[in-house]
Amino acid sequence: MVQWTEVDITQNNDAGDLLSRLATNQSYVRIESDNMKAWLFLMPVKPDEKPYTIEEVEEFLISHGIVFGYHTSNLSAMCKKGIYQREVIIANGEEPKNGIEGYYELHFAPQRKAPEVKDDGTVDYASVNKLINVRVGDKLATYHPAVQGTDGSDVQGNPIKATIAKELLPLRGTHISRRDDLYFAEREGKIQIQDGKIDIQNVHEVYGDVDLTIGKIEFFGDVIINGNVETGVTIRAGRNIEVRGSVEAASLFAGGDIILQRGIQGQQKGRVSARGQIFAKFIEQTIITAGGDIFADSIMNSRINTDGKVILSGKRGMLIGGYTHALLGVSTTSIGNDVETRTVVHVGCEAEVIEKGISLKKREVQVRNMLEEIEEELDDLKKKSSIYGDKQQKMLEVTASKVLPQEKALKEELAVLLDDQKEIQGMILRGKGASIRIDGNIYRGTVVCISQLQMPIEKNTMFMEYTIQGGLIVGNVIIR
């Protein structure tokens, strides 16, 4: 309940002549107990008296300690319009305006603690474990300094202090740097926030299995899985991936190497892609792409494509079924099996790559011809510009403005074409001399392919190395 303080005006006779009639005619001031509001009650003036003046009323208020927050419009109305015998609010205190505490604005989304519910009502469990990745130089946080508030006042002029806005301590962490109020990442990796400390780690390690409740892992650094990777999972790593358990029909993509200590059974849905090398105990029913060598004990019914070598070693060293392409060569203990499963092995440059190189060369010739025509047109424009007057000169400039962008676009396309051709020529050169070496059995049903040539194996044999000699695939016995 609001408590009121009523001022006894009869005890304020020292305010001068202006106050004499207000002090004696039962006019009064009423103030809230917290001194934040004040009301004025005026008695009517006598018939022979002049109306109250604002100065007279203000002096009356001052004599009662009301010195702040006047409602001048209300005071003016009471005097001019003769608002009598009712309380009118004539002063309001001002509450203090508190400041804003110092705070950090994070430029990355904190890791979710609960799964995201999508608009269609389904639950995205993968969103719970989404990693926070950063690159070198990424802005992590901005500190916004505290903004101090302003003090208030009650109607009697007593100050009301605003709360002091506090500053926060600088961010702590590893592999982060600070410039003024900005914080930056000093290396690639994942961010971990714990106890107000930011750490950037370049290894993400999972102690257990990865299943659909996790769903997806995307990380700029290394990913290590100490358990199994189950069907439907996707893992993307900027560097290396190592799985210490088995892998089902999952998708693995690495900017570096991939190590599968217990192999992968892809069920015709698994995909493994690495810019570097791939090491696996076994590979079954999986699509494999690598920029470097692929090492395994066995490969069965898979599609393999690598710019390096495929090396199958150990007592098993089996390559059975599917299609295996290795630009630099294949080395294995055995190819195919006794039930004559069709097994295609290819080394050197694939026909599709050579065809692409031919297509690029044709396009290069077309672009060069178009550039030559444009250059001739531009030369012609330059000659005419020195002859014609201003009107014709402007027409020539308009024509040139249309031709020059075409020339620029064609030059850019030509540069890309030359780079692509250079890459293909490099692949062709690296693929020359690639061989298929089998240190054990080669079964009927195997197709040996080198560059654009192929040779079906008509009968079981062993200890062979296949190369191109004189434009033909030739098999030479390995002397052990």
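The values are calculated or read from the model by the stated rules, or taken from the named source; none is laboratory data. Given the structure is predicted, the values throughout are model-derived calculations rather than measurements. No Cβ is skipped: glycine too gets one built from the backbone with ideal geometry, and neighbour counts run over all protein chains shown. Areas reflect the complete protein model, heavy atoms only, side chains present, ligands, DNA and RNA absent. Shrake-Rupley method; radii C 1.70, N 1.55, O 1.52, S 1.80 Å.
Can you find a residue in the stretch 319-340 that is within 30 Å of Arg135 (Cβ to Cβ), among the polar types (S, T, N, Q) and either open to solvent by less than 30 Å² (accessible area, probe 1.4 Å) or at pLDDT 95 or above (or both)?
no
Counting only residues that are open to solvent by 30 Å² or more (accessible area, probe 1.4 Å) and assigned to a strand (DSSP E or B), how many does the stretch 449-466 have? Total meeting the criteria: 8.
The set of residues in the stretch 197-211 that are open to solvent by less than 50 Å² (accessible area, probe 1.4 Å) and either closer than 15 Å to Pro170 by Cα or modelled with pLDDT under 85 (or both) comprises Ile198, Asp199.
Kindly indicate whether Arg236 is touching a strand residue (DSSP E or B) at 6+ places or on another chain (Cβ under 6 Å), open to solvent by 60 Å² or more (accessible area, probe 1.4 Å), within 30 Å of Gly256 (Cβ to Cβ) and touching a residue at least 12 places away in the same chain (Cβ under 8 Å). Answer is yes for this residue.
Here Arg437 passes the criteria (1) touching a residue at least 60 places away in the same chain (Cβ under 8 Å); (2) charged (D, E, K, R); (3) crowded, with 16+ Cβ neighbours inside 10 Å; (4) assigned to a helix (DSSP H, G or I) except the one numbered (4). Candidates in the stretch 212-233 are the residues that are open to solvent by 60 Å² or more (accessible area, probe 1.4 Å) and of a type in the set (Asp, Glu); of these, the one that is nearest to the chain's Cα centre (by Cα) is Glu218. Failed condition for Thr5, given (1) open to solvent by less than 90 Å² (accessible area, probe 1.4 Å); (2) at pLDDT 85 or above; (3) within 19 Å of Gln156 (Cα to Cα), with all others met? Of everything listed in (1) open to solvent by less than 90 Å² (accessible area, probe 1.4 Å); (2) at pLDDT 85 or above; (3) within 19 Å of Gln156 (Cα to Cα), Thr5 misses just condition (2). For the stretch 171-185, the set of residues classified as part of a loop (DSSP other than H, G, I, E, B) and surrounded by 11 or more Cβ atoms within 10 Å (Cβ to Cβ) consists of Leu171, His175, Asp181, listed by residue number. So for the stretch 381-393 (the condition being over 47 Å from the mean Cα position of the chain (by Cα), within 25 Å of Asp307 (Cα to Cα) and acidic (Asp, Glu)), does at least one residue qualify? Looking for residues that are over 47 Å from the mean Cα position of the chain (by Cα), within 25 Å of Asp307 (Cα to Cα) and acidic (Asp, Glu), one finds none in the stretch 381-393, hence no.
Restricting the stretch 380-424 to residues that are of a type in the set (Asp, Glu) and modelled with pLDDT of 80 or more, the residue that is least open to solvent (accessible area, probe 1.4 Å) is Glu407.
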